[in-house]
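In what follows, a structure is listed as structure tokens, so that the remarks can point back to it.
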Amino acid sequence: MSDKQGVDGRVDRRGIAFAGGEMPSLAFLLSAFAPIIAAVIRIAAPEVPGAYNQLIWLLGLFPVFMLTRYMGWRGTLLALVWTGVLVVLAELFIALLIQRLPDWNQVGAVVAILAAAGLGAGLEQQWWQSRLAAAAATDADDELSPLAEGLPPRDVLDYFLSKVFAGARRQPPLSIVLLQIDRHQELEEMYGRRAVSQAMAVATECLKRHVRAMNVFGRHGEHTLLVLLQGEGLTAANAVTRRVLEEIAGAPVPWKGRMTLSAGIAGFEPGIEHPDTLTGFARRALEGAQRLGGNSAVVYHGNVDETLVAPGMLVMEPDGQIREIHRSV
């Protein structure tokens, strides 16, 4: 039995904790003593015909169903062993009492009935557990969905990107920013997926305060945000991104410590024929920022016809090399 101590210092002995939930103490005691009661009745009436003998041992179904409910297949096996041992002991005792051989056919019939009931109970419990797990996973996915944060899902975000990309062909500039939580796998292992998703929502709120209403942003993956900055060049996009990263690093998160993001920035170039190429450049810059240790923004320069004038800007050249700007180039 599990003794759980409450905040007032009193001990709660109402149940026994198992993997399937807390089993009531009364149910546990009945599961333990029901086969004993059946064995006592069987010994007290040794001449009971076979059919009634099997009815007596139906009390053994109680531990089968209850232990399977709270312990799964392990509970099924435990109940069958416990009841089966009592069936055999009872028949051996009766055989010694009335000087005859044990009725092993009756023993086999009783054990077969209990085993069939245990198999059915175990399969039903497994089916319910799988349904509950699927429902819990669906609920978790819904809670972690971009729609739960008021953000467009990735397919809608890709649609917007295709539209602003087409517009940039006629009226540039266009910059995009990919932001991703640093060490997100490690954080999930330490604090759980839900905590990291809550931290991602904190980052989203910080981003909202720095992005103009005309610009679109949303989830581009479970740990990644994509920002579409229309009419913004790389210098302006870098300035916005650095302010966002600074605020996120100081924002409260659901664990002791802080959360940082890395960012990759890329701008529209006349030679780019597809939006995926643009996001690919931003992804390369993001990976470069992560290699630098995170909590930084890297701009993919490429062939953008823009003079980069922001001191301290980290720029990735097409060959993958990253340099820091100390003056106008």
Q: Could you please give the count of residues in region 244-264 that are surrounded by 19 or more Cβ atoms within 10 Å (Cβ to Cβ) and over 27 Å from the mean Cα position of the chain (by Cα)?
A: 2
Q. Which residues, taken from region 207-237, are among the hydrophobic types (A, V, I, L, M, F, W, C) and in contact with a Lys or Arg (Cβ under 9 Å, 6 or more places away or on another chain)?
A. F217, L225, L226, L229
Q | S197 under 17 Å from Q185 (Cα atoms) and part of a helix (DSSP H, G or I) | A | yes
Q.
Of everything in region 268-298, what is within 21 Å of V244 (Cβ to Cβ) and part of a loop (DSSP other than H, G, I, E, B)? Give them in sequence order.
A. F268, L292, G293, G294, N295, S296
Q: Output the qualifying pairs, or none if there are none: Cβ atoms under 8 angstrom, residues six or more apart or on different chains, first residue in region 270-296 and open to solvent by 20 Å² or more (accessible area, probe 1.4 Å), second residue of a type in the set (D, E, K, R) and not in a helix (DSSP H, G or I).
A: Q290/D182; N295/D182
Q. Which one is farthest from the chain's Cα centre (by Cα), of the residues in region 160-178 that are assigned to a helix (DSSP H, G or I) and surrounded by 16 or more Cβ atoms within 10 Å (Cβ to Cβ)?
A. A168
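For (1) open to solvent by 60 Å² or more (accessible area, probe 1.4 Å); (2) part of a strand (DSSP E or B), each residue gets a yes or a no:
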residue: Q180; (1), (2): no, yes
residue: E186; (1), (2): yes, no
residue: H220; (1), (2): no, yes
residue: V227; (1), (2): no, yes
residue: T235; (1), (2): no, no
residue: T241; (1), (2): no, no
residue: A266; (1), (2): no, yes
Q: State all residues of region 193-242 that are modelled with pLDDT of 85 or more, among the β-branched types (V, I, T) and under 20 Å from Y159 (Cβ atoms); if no residue qualifies, say none.
A: T204, T224, V227
Q: Among what's in region 188-211 and is within 17 Å of the chain's Cα centre (by Cα) and of a type in the set (G, A, S), pick the residue that is surrounded by the most Cβ atoms within 10 Å (Cβ to Cβ).
A: A199
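The values are calculated or read from the model by the stated rules, or taken from the named source; none is laboratory data. From a predicted model like this one, the values you see are computed outputs, not experimental measurements. Every residue, glycine among them, receives a Cβ derived from its backbone with ideal geometry; neighbour counts consider all protein chains shown. Accessible surface is based on the protein model in full, side chains and every heavy atom, while ligands, DNA and RNA are left aside. Shrake-Rupley method; radii C 1.70, N 1.55, O 1.52, S 1.80 Å.
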